[in-house]
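Have a look at the structure below before the remarks.
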Amino acid sequence: MKKILFALLLASPTLTFAQGSQVNTQGIRALGMSGAGSALFVDETSIFYSPGALAKATENSISIGASAVMYRSAFKEVNSNVQHDTEFQISPPFSVFASFGPKNSWWKAGIGVYTPFGGGVNWGTEWPGRFELNHLSMRAIYIQPTLSFKITENFGIGGGFVYNIGSVDLSRSIPVFDQNGNPGRAELNGIGTGMGYNVGIHYNLEDDFAISLSYRSHVRTKLEDGDAVFTVPTALSTSFPNTKFSAELPLPSSFNLGIAFPLGDKVDLAADATFIGYSIYEKLVFDYEQNTPVLSDTEQIKDYENALSAKVGLNIHANEKLDLRFGTGYVYTPVRSKYVYAETPDNNRVMGSIGFTYNISDKFDFSGAYTLQRIIERTTTNIATGMSGTYKTNIHAPGISLTYKW
């Protein structure tokens, strides 16, 4: 029973750390180029992408953006023809960026509130992995005040403090049954906090070439006093007491290099390469406030690898009011094959995107984008649960934003 509970209760929050939960929708302009553009776009979203570029923005501005991330995954057991699909649901990451300071000054300040990690998946209660996961939703909200300084007309440097508020809500079936044959159920939810920072530099040669370097630190989110609620037959209630738990969720660091240069009078190319420090996620430890012979503090090995991503996009100035964008990218997974779980059926992925910005007036512009990510099909056997099968996943992410400038 202990071995079953070990796999049963501890694997779920791993969505927090897989590529599938890394939300790349902070800037809708960049979303239209598959996440490229850290060197190209010098505006309020530089708070996230390249703090050193913020001081170069000629105007103060505020933007509000939101996306509808739709995660659809399917699983088929080895030697089975039955496919099990996740239920349709939408995760709504959002962002708010504001910049302010004297016009044409050597400094600018700003604040960003955004969701770099998050997602949701619901497999239901009838699929083969129901004792591994029923549903999971999580979100990490970063709050980042930022200062940026223009050292010269071409060189800027900046950074900001990051405060994270993270939440996890998950459930799974328990292999204990009532008199009607219904399995038990475990529900865990909690909120945690953590701190980090974001720094960057931006350099440009007039309007011909720009380069951006930025580093976002890892954030160790400490979740305390989470609620663990168990629905089991009355005879087993003392073995599964409702209790509190604590855990530490390490969100990875990233180092990004971006370049941008014109291909013509109306076409700019941007490319970004990112190194993501997922190796920080070595294990997941749960500490339960109340223990029993079958509910003890446990530790699960994750052993994630560092990962890389590469993205490239085009920004086309169609006319004075309209810009069009296209992009593509490739992302390597940090999840080793033997540690693939239902909430992280991750693998290397390819992506493509389109987007636009329409200048409504001198003060307002409206942007929209759509990105499709296809996770390469993966057949694997989990070393802890023994579940063996093939996962395939698509992620759809449309988004919009409205910007006001003054």
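So, in segment 166-190, of the ones that are surrounded by 15 or more Cβ atoms within 10 Å (Cβ to Cβ) and either among the hydrophobic types (A, V, I, L, M, F, W, C) or free of Cβ contacts under 8 Å to residues at least 24 places away in the same chain (or both), which residue ends up farthest from residue 125 (Cα to Cα)?
Filtering segment 166-190 for residues surrounded by 15 or more Cβ atoms within 10 Å (Cβ to Cβ) gives 166-174, 176, 183-190.
Still in the running and either among the hydrophobic types (A, V, I, L, M, F, W, C) or free of Cβ contacts under 8 Å to residues at least 24 places away in the same chain (or both): 168, 170, 174, 176, 186, 188.
Working: 168: 19, 170: 13, 174: 11, 176: 14, 186: 12, 188: 16 Å.
The qualifying residue farthest from residue 125 (Cα to Cα) is 168.
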All conditions in (1) in a strand (DSSP E or B); (2) more than 17 Å from residue 48 (Cβ to Cβ); (3) in contact with a Ser or Thr (Cβ under 9 Å, 6 or more places away or on another chain) are true of residue 159 except (2)
Go through the residues of segment 91-98 one by one and say whether even a single one is outside any strand (DSSP E or B) and either among the β-branched types (Val, Ile, Thr) or modelled with pLDDT of 90 or more (or both).
no
Has segment 103-119 got any residue that is among the basic types (Lys, Arg), crowded, with 17+ Cβ neighbours inside 10 Å and closer than 30 Å to residue 72 by Cβ?
no
Here is a check on your reading of the model: is residue 270 surrounded by 22 or more Cβ atoms within 10 Å (Cβ to Cβ), under 30 Å from residue 209 (Cβ atoms), in contact with a helix residue (DSSP H, G or I) (Cβ under 8 Å, 6 or more places away or on another chain) and modelled with pLDDT of 90 or more?
no
Those residues of segment 77-87 which are in a strand (DSSP E or B) and surrounded by fewer than 17 Cβ atoms within 10 Å (Cβ to Cβ) amount to 77, 83, 85
Selection over segment 217-259 where residues are free of Cβ contacts under 8 Å to residues at least 60 places away in the same chain, outside any strand (DSSP E or B) and not aliphatic (A, V, I, L, M) yields a count of 8
What number of residues in segment 325-340 are crowded, with 16+ Cβ neighbours inside 10 Å and more than 17 Å from the chain's Cα centre (by Cα)?
6
Out of 66, 55, 74, sole residue that is part of a helix (DSSP H, G or I), aliphatic (A, V, I, L, M) and either surrounded by fewer than 17 Cβ atoms within 10 Å (Cβ to Cβ) or at pLDDT 85 or above (or both)
55
Qualifying residues in segment 342-382 (those that are acidic (Asp, Glu) and more than 17 Å from the chain's Cα centre (by Cα)) - the one nearest to residue 83 (Cα to Cα)
377
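The values are calculated or read from the model by the stated rules, or taken from the named source; none is laboratory data. In this text, all values refer to a predicted model and were calculated from it rather than measured experimentally. Counting neighbours? That spans all protein chains shown, and the Cβs are built from the backbone with ideal geometry, glycine included.
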